Amino acid sequence: MVTKLPKVPVVVVGMGWAGGIVSAELTKAGINVVGLERGKDRTTADYTMGHDELRYQHRQELMQDLSKETITYRNTVSGKALPMRHYGTFIVGDGVGGAGSHWNGQTYRFLPYDFEIRTKTIERYGIEKIPAWMEGLNDWGLTYNEMEPYYDTFEKMAGISGETVELWGKRTNPYPTPPLVKTPLMKEFEKAATSLGYKPFVIPAANLSESYTNPDGISRGACQYCAYCENFGCEYGAKGDPAVTVIPVAKQTGKLELRTHSNVLELTKSGGKANGVIYVDMLTGEKFEQPADVVVVASYVFNNARLLLNSGIGTPYDPKTGKGTIGKNYCYQVTAGGSQLFFEDREFNLYGGAGALGIEIGEYMGDNFDHAKVDFIHGAGIRSTQYGDRPIAVNRVPAGTPNWGAEFKEKSIKYANSNFPVKTQGASLPHKENYLDLDPEFKDEFGYPLLRMTYEYTDNDRALGKYMSTITRKIAEEIGADIIDTNEEQGPFNVNKDSNTHNTGGVIMGSDPEKSALNTYLQMWEAENVFVVGASAFPHNSCFNPTGTLGALSYRAAEGIQKYLKEGGILVKA
Amino acid sequence: MSEQEKNNSVLDKRSSRRTFIKNSGLTVGGVVLGGALGSLLIKDDKSTTTSETQNHATTPTANPNVALMFFTPNQYQVTQAAVERIFPEDANGPGAKELNAAIYIDHQLAGPWGSNVKDYRLGAFYKAEENQGPQTKILRKDLFLAGLESLNTYSNQQFEADFKELEATQQDEVLLAFSEGKVELYGKVSSSQFFSLLRTLTLEGVYADPMYGGNKEMLGWSMRKYPGSRMQYVAEIQDEKFIQLEPQSLNSHMGH
Ligand SMILES: Cc1cc2nc3c(=O)[nH]c(=O)nc-3n(C[C@H](O)[C@H](O)[C@H](O)COP(=O)(O)OP(=O)(O)OC[C@H]3O[C@@H](n4cnc5c(N)ncnc54)[C@H](O)[C@@H]3O)c2cc1C
Ligand code: SF4
């Protein structure tokens, strides 16, 4: 039995950064919002015992419970997808704050090149530079300059700490707070990179470098470099987290009705529009229908695509014909090409750190270097980070060391405080056979099909990784270490081993309804009262962590929703 | 081993224990010197016997966590022998056995994680391609017991003795075969899957917060100069010198 509830103006599915930002903006504008979040509510008090590596990192305390739903995965279109039965690569957020509670906080803007990537690539290198399998590569439908004000708003809300980087797009304002500190290992990178002619910068961070009050009046204290950041919530509220920024602001308006333990199963529809959503109370099993004028889907990349597919909203993407849009252009990121440094008699205070603490160069990002003679496009950030090494997770040993036994113990202890990486974060461009659809066999707890991912690294990824390995090697050698291990090859994708959490695409934006699911307000071309917010909207993934860009897009979506509530109709002419 | 070699190895052992105490940065006679370190000092001068360890366990500082909620005593002993080979005692300090990794494993397998409660368990279990992650239906707790049993079966086949009776080098050979998936366990599960569970659990038992039963007196942390779960490192992180801090466990956060 499904209990039908009274209609509301806006229902938001998911309370991470995307849902939190949209809820805050709409409620501040006086609009009533019902927020449905499948997990529990959270505050900083939840993290009093937060420095528990086992519970949070290795038992995934803050993550989606896979016994209820997971994804299935295969490397190629001809393979059989099988469920990810326990956590490996994709650690998916759950509860108020979503992944924004346990993220690292590295907060970037994408490059002007990213937003017009197709046009600019063709302009500089000709159409031949884009291989046939990358046909889905497209401009985003808006430029960096149009994105700039939304980036600015996001950065001010979260209090991003950083320094202006010349090689990136122009900023109207400096970062709201100065960069984080430079640690000895960061200074090593800085010295080496500078002497090689690069211009290193401290990674922009949502871990506050100093106490800060944002335009909404939210005050937060400075980061303590406690090192329990990636995979953990911040007990100080120093990390920008929806649960300590936008969600309290939305709650304060009195216009947000937040319903936790409310898992949305599908959207209902009639006549090219959504009527609302059906959800289940995860504690009691009761089902409800919540009608709304606008449905905002902000349930992360995977469920954004899955909810639409399970509801029959939008046309599913077909990799054979290239037609359809839902599930298209799923992208990931390239992390091959790193060099690991080991020192015989130098120790660093590696037990300390922060999720976004690090230093980087921008010379190999995007189209900042000439690609005429290389067989890939786009690029990578090259960086040394200091997140804080926790002892269960981090046992770096020189290549060739066994992974257990006497030698392993000796080396893992010897180098525990005497190593650091020079690593890469590379862009991921769409391949026509990398996509998301519904699994034909496996179901969630409630009988709805799971999302099926078909994904493999591409030739572009492998070439990019190999090229970057020469650069990380050069920097590592300039730093000078007793042992340097460089990883040159991008191996096959492995659902339990790869460890990047930056999934993008599946419900992408653009200017052409044939090629994209959303317009630049993240409004669905095929269902005008549905807005799908998140990194699912990215037509490709850049060489940066995604949240700065998805945060900016969430502000733009919130603006679009307000416009839509007033005027109705499709907000952008196709 | 010649008499000469034996003497040398005893000497090596002694000096290596001293190195550990020196490295751990804890002053002998200071308040922080806990039972484990104390017993190491004592053991340094006497030969190590099991009865001594047991005596230690019944002293007033006995840890009530050291009791079994899952294993039989024999399973516990096989586990102790196995974890010790994954993470053996050496010049740095105690091995996984002394650190109570087997107690940690007992407690983990008894709890929800041992029964895979947060894993996806629906649908059919097909054979996985290499990059798809394990697709076995067997629960962690049952996989572990099947692994222990196979360790003994295989040890008897190869060396005509139970695993815990073997020489360390023989135990290493057995574990190597298991890690390479050369042995089939109950239900055709590969031994490498058991081995990787054993390895993971051993490292967790050495390095997880002591409230979980392992990492006895935080000695796992002290060995690698890890300060545990302190609240902040604003000064340390900027210092050119390495700053060694005495470890603190979650228990120290109880006052907050
Ligand atoms: C360990 C880790 C580190 C990261 N570090 C960085 C970083 O340094 N920089 C960066 O830019 N990004 C980082 N990311 C990625 C970043 O966290 C995400 O990009 C971002 O938080 C996504 O926000 P979102 O609102 O789109 O999704 P989420 O935060 O995932 O929020 C979605 C919410 O929807 C809920 N939900 C899902 N399905 C349903 C449903 N059916 N019904 C109801 N509710 C539902 C979920 O429970 C969740 O709370 C990291 C991610 C992880 C996991
Ligand atoms: S490192 Fe800083 S931001 Fe991260 S959890 Fe610790 S105090 Fe918070």
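Which residue, of B:216, B:241, B:182, B:188, is facing another protein chain (nearest Cβ under 10 Å) and open to solvent by 30 Å² or more (accessible area, probe 1.4 Å)?
Only one candidate qualifies: B:241.
In this structure, is residue A:221 within 14 Å of chain B (Cβ to nearest Cβ) and either away from ligand 1 (no atom under 14 Å from the Cβ) or among the hydroxyl-bearing types (Ser, Thr, Tyr) (or both)?
In short, yes.
Out of the residues in the range A:377-405 that are within 19 Å of residue A:542 (Cβ to Cβ) and in contact with a strand residue (DSSP E or B) (Cβ under 9 Å, 6 or more places away or on another chain), which is nearest to the other protein chains (Cβ to nearest Cβ)?
A:385
Got a sec? Which of A:320, A:328, A:269, A:287 is within 21 Å of residue A:449 (Cβ to Cβ), within 23 Å of the chain's Cα centre (by Cα) and charged (D, E, K, R)?
A:328
Take the residues in the range A:539-574 that are of a type in the set (Phe, Trp, Tyr) and more than 10 Å from ligand 1 (Cβ to nearest atom); name whichever of them is nearest to residue A:134 (Cα to Cα).
A:555
On the basis of being open to solvent by 50 Å² or more (accessible area, probe 1.4 Å), part of a strand (DSSP E or B) and at pLDDT 95 or above, does residue A:251 make the cut?
Here the answer is no, as residue A:251 does not meet what is asked.
Only residues that are more than 10 Å from chain B (Cβ to nearest Cβ) and either touching a helix residue (DSSP H, G or I) at 6+ places or on another chain (Cβ under 9 Å) or within 16 Å of ligand 2 (Cβ to nearest atom) (or both): list them for the range A:62-89, please.
The one that is more than 10 Å from chain B (Cβ to nearest Cβ) and either touching a helix residue (DSSP H, G or I) at 6+ places or on another chain (Cβ under 9 Å) or within 16 Å of ligand 2 (Cβ to nearest atom) (or both): A:62.
Which condition breaks for residue A:89 when tested against (1) farther than 30 Å from residue A:174 by Cβ; (2) within 15 Å of ligand 1 (Cβ to nearest atom); (3) buried (at least 22 other Cβ atoms within 10 Å of the Cβ)?
Going through the list (1) farther than 30 Å from residue A:174 by Cβ; (2) within 15 Å of ligand 1 (Cβ to nearest atom); (3) buried (at least 22 other Cβ atoms within 10 Å of the Cβ), residue A:89 breaks only (3).
Out of A:177, A:143, A:153, I need the residue that is closer than 27 Å to residue A:23 by Cα and touching a strand residue (DSSP E or B) at 6+ places or on another chain (Cβ under 8 Å). Which one?
Answer to the check: A:177.
Tally the residues that are among the charged types (D, E, K, R) and part of a helix (DSSP H, G or I), restricting the search to the range B:213-256.
Total satisfying the criteria: 3.
Condition first: of a type outside the set (Val, Ile, Thr), surrounded by fewer than 23 Cβ atoms within 10 Å (Cβ to Cβ) and part of a loop (DSSP other than H, G, I, E, B). Now tell me which residues in the range A:210-229 satisfy that.
Listed by number, the residues that qualify are A:210, A:211, A:214, A:215, A:216, A:217, A:221, A:222, A:224.
Test residue B:199 against the stated conditions and say whether it is closer than 30 Å to residue B:126 by Cα and at the interface with another protein chain (Cβ under 8 Å from one of its Cβ atoms).
So residue B:199 fits the description; yes.
For the range A:339-375, enumerate the residues that are touching a residue at least 40 places away in the same chain (Cβ under 8 Å), under 30 Å from residue A:134 (Cα atoms) and surrounded by fewer than 20 Cβ atoms within 10 Å (Cβ to Cβ).
Within the range A:339-375, A:363, A:367, A:368, A:371, A:372, A:374, A:375 meet the criteria.
How many residues does the range B:89-115 hold that are more than 11 Å from chain A (Cβ to nearest Cβ), hydrophobic (A, V, I, L, M, F, W, C) and outside any loop (DSSP other than H, G, I, E, B)?
Residues that pass the stated criteria total 6.
For residue A:213, which of the numbered conditions (1) farther than 23 Å from residue A:93 by Cβ; (2) among the polar types (S, T, N, Q); (3) within 16 Å of ligand 2 (Cβ to nearest atom) fails to hold?
Only one criterion is unmet by residue A:213, namely (3).
The values are calculated or read from the model by the stated rules, or taken from the named source; none is laboratory data. Since the structure is predicted, the reported quantities are computational estimates derived from the model, not experimental observations. Every residue, glycine as well, gets a Cβ built from its backbone with ideal geometry; the counts of neighbours run over all protein chains shown. What goes into the accessible areas is simple: the full protein's heavy atoms, side chains included, and nothing from ligands, DNA or RNA. Shrake-Rupley method; radii C 1.70, N 1.55, O 1.52, S 1.80 Å.
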